[in-house]
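Take a look at the structure below.
The values are calculated or read from the model by the stated rules, or taken from the named source; none is laboratory data. Quick caveat: nothing in here was measured; it's all calculated off a predicted structure. In this analysis, Cβ positions are derived from the backbone assuming ideal geometry, glycine residues included, and neighbour counts consider all displayed protein chains. When the accessible area is computed, the model is the full protein with side chains, heavy atoms only, and any ligands, DNA or RNA have been set aside. Shrake-Rupley method; radii C 1.70, N 1.55, O 1.52, S 1.80 Å.
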Amino acid sequence: MVEIKKGIYWTGYIDWDLRNFHGYSTPSGSTYNAYLILDEKPTLIDTVKYYGFEQMLHRIKQIIDPAKIRYIVSNHTEMDHSGSIGELLKLCPKAEVICSPKGHEGLMRHFLSAPEKDKPSWNFKVVNNGETVSLGKRTLQFFLTPMVHWPDSMVSFCEEEKILFSNDAFGQHHASSQRFVDEAGLDIILKEAAKYYANIVMPYGPQVLKALEALGTLKLEMICPSHGLIWREKTDIQKIVSLYQKWANYESDVKAVIIYDTMWHSTEKMALKLYELLDVKGVDVKLVNLKDTHISDAMTEVMSSRVVCIGSPILNNRVLPAVGGFLTYLKGLKPKNRFGFAFGSYGWAKVGFKELEQALEEAGIKAIADAKYFQYVPAKSELDSLNETADKIKQLLDGK
Ligand code: FEO
């Protein structure tokens, strides 16, 4: 365990081996953070995935007898945070589970299904927005943050300590023996926080803005998320809050990304030519091959790019599976205020490209130029014609 402030401890689980979090690649693992507040009513904020229970319990036992815990705050029902509540309650039967009204419904559905459903063995304390619970010397205030990123989500604020327990918000999937952002290095953690936002929070910009507005009046000295490292330096807190403002407003950088897969190198030729043309014009551009890049990394590039170009060959009248998977993901995450360009190569029928164009439209990405599809192997003149597209992208990024 680590004492993060006098009488407040990190008692979470470090998931060094995690490489995939429901389809999101996590090359540097993750953590599930639980926080124990020692007060007249000892309180645990969130728990960990079921397989991290023993590690969490070991840390708690270093501080107190778990039987003394009086409150377990469940800020969010998703099982990476609630998965150990049931096991823990067996050791602290007097504890009440504090959750939002939607959290109550969610916990019942996840953990107290029939026949116990109608007679829950857990003691719940359901809280509403702004409600407070006294722990003794300290008070927790709860703010409901629906759809950041589940309907049940809430955050807990300790005014006396000026700590926000923010659950998934401001989190990062990053396993580390360090507990604070300033120990691990701001650049590394901001990169992980951006990937986290792009892949988990992006569809909920308006709800994030609402939550930021509600929390804007709080004086924060520490933000303790439920994944990754803790924000405690004033400038780091200001940085991540301002980035959340930017991301929630769907702002992007003056940048283009070209995302593609290829079968016989024809779509690759188009992607490389477009890259070359943009690069020569001075455009900040990235090339992402879906054969080698995980869709969650491609999404992080989409979040920072104003122009998103997507290319695919046609196989069996459809786009290639890697592109199809990415388009499904893109439609769900819905980046706004982006411009797009569809391209690719085909053999004898172009019908499969409809899927690509429709997906861009459904994702809310506006076409910046007419799509370009070339048969079999693109001719030099066809590749050169991509210069018109590159000019349009350059003009858009230059604000002309
Ligand atoms: Fe980290 Fe939505 O759970």
Value of relative contact order over the chain, rounded to a whole percent, pairs C-alpha under 8 Å and six or more apart: 11
Inter-label distance for Glu361 and Met1, nm, one decimal - labels placed 7 Å from Cα along Cα-to-Cβ: 5.8
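Figure the gain on full extension for Asn249 and Lys94 (residue separation times 0.36 nm, minus the Cα-Cα span) and round it to one decimal in nm. Numbers along the way, then the final one.
On the way: separation 155, 0.36 × 155 = 55.80 nm, distance 4.36 nm.
Computed gain between Asn249 and Lys94 is 51.4 nm.
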Charges on Cβ only, +1 for Lys and Arg, -1 for Asp and Glu, centred on the Cα centroid of the chain; of His174, Thr139, Gly325, which one is farthest towards the dipole's positive end? Thr139
Please list Arg138, Arg70 from largest to smallest accessible area, probe radius 1.4 Å, with all protein chains kept in place. Arg70, Arg138
From the protein chains alone at 1.4 Å, what is the descending order of accessible area for Glu355, Glu213, Glu159, largest first? Glu213, Glu159, Glu355
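Can you give the convex hull volume of the alpha carbon atoms of the stretch 210-265 per residue, in Å³?
On the way: hull volume 9.1 nm³, N = 56.
Per-residue hull volume (Cα only) is 163 Å³.
How large is the charge dipole for the stretch 1-69, taken about the Cα centre, if only the Cβ atoms of Lys, Arg (+1) and Asp, Glu (-1) carry charge, to the nearest 20 debye?
Numbers: 8 positive and 8 negative charges, 13 e Å.
Dipole about the Cα centre, nearest 20: 60 debye.
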Taking the stretch 133-179, the equivalent ellipsoid from its C-alpha gyration tensor has semi-axes in Å, biggest first, of 22, 18, 7
Stretched fully, the stretch from Asn316 through Lys61 gains (0.36 nm per residue minus C-alpha distance, one decimal, in nm) 85.9 nm
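Using just the alpha carbons, could you tell me how many Å³ per residue the convex hull of the stretch 256-394 encloses?
Each residue corresponds to 89 Å³ of Cα convex hull volume.
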Using only C-alpha positions, report the orientation-averaged shadow area of the convex hull of the stretch 2-248, nm², one decimal. 12.0
In nm, to one decimal, how far is the modelled label at Lys68 from the one at Lys210, with both set 7 Å along Cα→Cβ? 4.0
Give me the accessible area of His104, 1.4 Å probe, in Å² rounded to the nearest 10. 60
For the stretch 75-91 and the stretch 264-301, distance of Cα centres in Å: 43
Quick check for you: which residues of the stretch 255-282 have the amide N under 14 Å from the point 7 Å beyond the Cα of Asp391 toward its beta carbon? 278, 281
Mind checking which lysines have their C-alpha under 23 Å from Lys5, skipping anything on the same chain fewer than 8 residues away? Lys41, Lys61, Lys68, Lys137, Lys162, Lys219, Lys234, Lys239
Say each of Asn123 and Glu105 gets a label point 7 Å from the Cα, pointing the same way as Cα to Cβ; how far apart are those two points in nm? 2.6
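Sum up the charges of everything whose Cβ sits under 11 Å from the Cβ of Asp391, counting Lys and Arg as +1 and Asp and Glu as -1, but leave Asp391 out. Don't jump to the answer; show the numbers that get you there.
Working: positive: Lys281, Lys392, Lys394, Lys400; negative: Glu388, Asp398.
Once all neighbours under 11 Å are counted, the net charge is +2.
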To the nearest 10 degrees, how steeply does helix 295-304 sit against the main Cα axis of the chain, on a 0 to 90 scale? 80
Report the antiparallel proportion of the DSSP beta bridges in the stretch 225-320 as a percent, rounded to a multiple of 5. 15
Determine by what factor the alpha-carbon radius of gyration of the stretch 229-310 differs from 2.2 N^0.38 Å, reporting the quotient. 1.36
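Can you put Asp65, Asp182, Asp152 in order of accessible area, largest first, using a 1.4 Å probe?
On the way: Asp65 80, Asp182 55, Asp152 10 Å².
In descending accessible area the options line up as Asp65, Asp182, Asp152.
Quick one: dipole size for the chain, taken about the Cα centre, charges +1 on Lys/Arg Cβ and -1 on Asp/Glu Cβ, in debye to the nearest 20.
On the way: 48 positive and 49 negative charges, 75 e Å.
Dipole about the Cα centre, nearest 20: 360 debye.
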